[in-house]
Amino acid sequence: MDDLLSPDVVARLTTAISSAAPGLDLPSMTSAQSAVRDKRLRGRVDVVRDALLSDLPGGFDTVEGIVPHLLRDPLFAGWMIWPVTELVTHRALRSGSTEHFDSAMELLARLTVELTAEFAVRDLLNERPERALSIMHSWTSHDNEHVRRLATEGSRAYLPWARRVPWLLENPESTMGILHATYRDSAEYVRRSTANHLNDLSRIDPAIVTATAARWAEDPDGNTAWVIRHALRNLVKRGDQRALTLLGFSGDGLVVAQPQLAENVIEWGGTVEFTADVTNTGSTAAVVAVDYSVGFTRANGSVSPKTFKLGSRSLAPGETVTVSKSHSFRPITTKVYYPGRHFIAVQANGVLSPQAEFLVERGAVD
């Protein structure tokens, strides 16, 4: 992942900048080609952005003049665009000009078509959230799906990899206009972002999420049911009754037995296998969302549970169904496992089973 902004990519960006601004000396960009080697991706972006800020003279006007030339250069492509988006926002904010702020938003809309400007736009959102959101709302009718997605993705409360925008967390209703304008977007790329955005808000205000989903359900198209399911997925895992009802899940007499483990000790890189019984003790049929949680032991000895989907089941009154699953502890790049006691729990419509503990042996593997 880090090599997405490799020394070779930085060298190509340097060449593209030289073509866009002939005669410009770029000593910091030349140094950045080797300086990125020992950095992670985010650090590499910062190194290149700072080199651009150092090498490009003048203020925002210089950047505004160079970026259109870059966009016409076939060499200007891929992840080299990320630090340029941040160059745009830094120069615009340094100027303090409303005109430059708006021009920076326009440049980000142009740049996002080639990669994404979702990370850079966060700086502008932090500085002037209401003005930025007003412009982003206008993007929801743009003819390019990448620009429409910049509106939905760039304004997410918990955008992965991105800086937080505290104002968005304090005002979860502020992006509703963007979401209402895009939940029926023609592009799956945008609809997925809209659903993820609404799912983010479930961590802040579950009521606004379920109210929004209910509104969409009253005015759907062929894709709306999927968008709602995807947007409510975390509330379903948390057993939110409003979300469960919206998705058609029911049952007021559910009992989930403690999971039965095939083994109580798991070798490093092995798999925990389990079964659990879910019983409908009610007098009416139940439609049940079944999930399971793994309580992962962390480096400091605390346990952090993560919930995974098991699917759905229909149960007649008095019926019991046995669910089964295996969960791998094979080392992967996105997850670090630690030795110690872990647990499995199963839930049906939010009704939790007792935990079943197991031991993972040997040391942590990255």
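The values are calculated or read from the model by the stated rules, or taken from the named source; none is laboratory data. Since the structure is predicted, the reported quantities are computational estimates derived from the model, not experimental observations. Cβ coordinates were reconstructed from backbone atoms using ideal geometry, including for glycine residues, and neighbour counts include every protein chain displayed. Areas reflect the complete protein model, heavy atoms only, side chains present, ligands, DNA and RNA absent. Shrake-Rupley method; radii C 1.70, N 1.55, O 1.52, S 1.80 Å.
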Assess whether residue 81 counts as being under 22 Å from the mean Cα position of the chain (by Cα) and either buried (at least 21 other Cβ atoms within 10 Å of the Cβ) or in contact (Cβ under 8 Å) with a residue 12 or more places away in the chain (or both).
yes
Residue 64 vs. criteria over 28 Å from the mean Cα position of the chain (by Cα) and open to solvent by 30 Å² or more (accessible area, probe 1.4 Å)
yes
Just the residues that are surrounded by 15 or more Cβ atoms within 10 Å (Cβ to Cβ), over 24 Å from residue 235 (Cα atoms) and of a type in the set (Gly, Ala, Ser), please, taken from the stretch 246-269.
none
Which of the residues belonging to the stretch 25-73 are closer than 12 Å to residue 6 by Cα and either acidic (Asp, Glu) or in contact with a Gly (Cβ under 7 Å, 6 or more places away or on another chain) (or both)?
38
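Okay, residues lined up against (1) in contact (Cβ under 8 Å) with a residue 24 or more places away in the chain; (2) of a type in the set (Lys, Arg); (3) surrounded by fewer than 18 Cβ atoms within 10 Å (Cβ to Cβ):
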{"residue": "242", "(1), (2), (3)": "yes, yes, yes"}
{"residue": "275", "(1), (2), (3)": "yes, no, yes"}
{"residue": "288", "(1), (2), (3)": "yes, no, no"}
{"residue": "311", "(1), (2), (3)": "no, no, yes"}
Any residue in the stretch 213-229 that's within 11 Å of residue 198 (Cβ to Cβ) and in contact (Cβ under 8 Å) with a residue 40 or more places away in the chain: show its pairings with residues that are among the small types (Gly, Ala, Ser) and part of a loop (DSSP other than H, G, I, E, B) at Cβ separation under 8 Å, as long as the two are six or more apart or on different chains.
none
List the pairs whose first member sits in the stretch 320-337 and is over 25 Å from residue 251 (Cβ atoms) and of a type in the set (S, T, N, Q), whose second member is open to solvent by 50 Å² or more (accessible area, probe 1.4 Å) and not in a loop (DSSP other than H, G, I, E, B), and whose Cβ atoms are under 6 Å apart, counting only residues at least 6 apart or on separate chains?
326/271; 326/273; 328/271
Hey, residue 118 hits all of (1) under 23 Å from residue 157 (Cα atoms); (2) under 20 Å from the mean Cα position of the chain (by Cα); (3) not polar (S, T, N, Q); (4) not in a loop (DSSP other than H, G, I, E, B) but one; which does it fall short on?
(4)
Would you pick out the residues in the stretch 335-355 that are open to solvent by less than 60 Å² (accessible area, probe 1.4 Å), of a type in the set (A, V, I, L, M) and out of contact with any Leu (no Cβ under 9 Å at 6 or more places or on another chain)?
336
Odd one out for residue 167 among (1) within 25 Å of residue 59 (Cβ to Cβ); (2) touching a Pro at 6+ places or on another chain (Cβ under 9 Å):
(1)
The stretch 290-309 - residue that is in contact with a strand residue (DSSP E or B) (Cβ under 8 Å, 6 or more places away or on another chain) and free of Cβ contacts under 8 Å to residues at least 40 places away in the same chain and, of those, nearest to residue 256 (Cα to Cα)
308
In the stretch 32-46, residues that are open to solvent by 20 Å² or more (accessible area, probe 1.4 Å), part of a helix (DSSP H, G or I) and closer than 13 Å to residue 11 by Cα total 3
Whichever residue in the stretch 121-146 is among the small types (Gly, Ala, Ser) and in a helix (DSSP H, G or I) and, among such residues, is surrounded by the fewest Cβ atoms within 10 Å (Cβ to Cβ):
134
Selection over the stretch 3-21 where residues are within 28 Å of the chain's Cα centre (by Cα), exposed (fewer than 15 other Cβ atoms within 10 Å of the Cβ) and under 14 Å from residue 77 (Cβ atoms) yields a count of 1
If we keep just the residues of the stretch 47-61 that are touching a residue at least 40 places away in the same chain (Cβ under 8 Å) and under 26 Å from the mean Cα position of the chain (by Cα), which is most open to solvent (accessible area, probe 1.4 Å)?
49
Identify, by number, the condition in (1) closer than 30 Å to residue 220 by Cβ; (2) in contact with a Gly (Cβ under 9 Å, 6 or more places away or on another chain); (3) not aliphatic (A, V, I, L, M) that residue 253 doesn't meet.
(1)
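Assigned to a strand (DSSP E or B) and either out of contact with any helix residue (DSSP H, G or I) (no Cβ under 7 Å at 6 or more places or on another chain) or over 13 Å from residue 255 (Cα atoms) (or both): is that true of residue 283 in this structure?
Criteria not met by residue 283.
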Mind checking whether some residue in the stretch 89-107 is outside any helix (DSSP H, G or I), modelled with pLDDT of 95 or more, open to solvent by 20 Å² or more (accessible area, probe 1.4 Å) and among the basic types (Lys, Arg)?
no
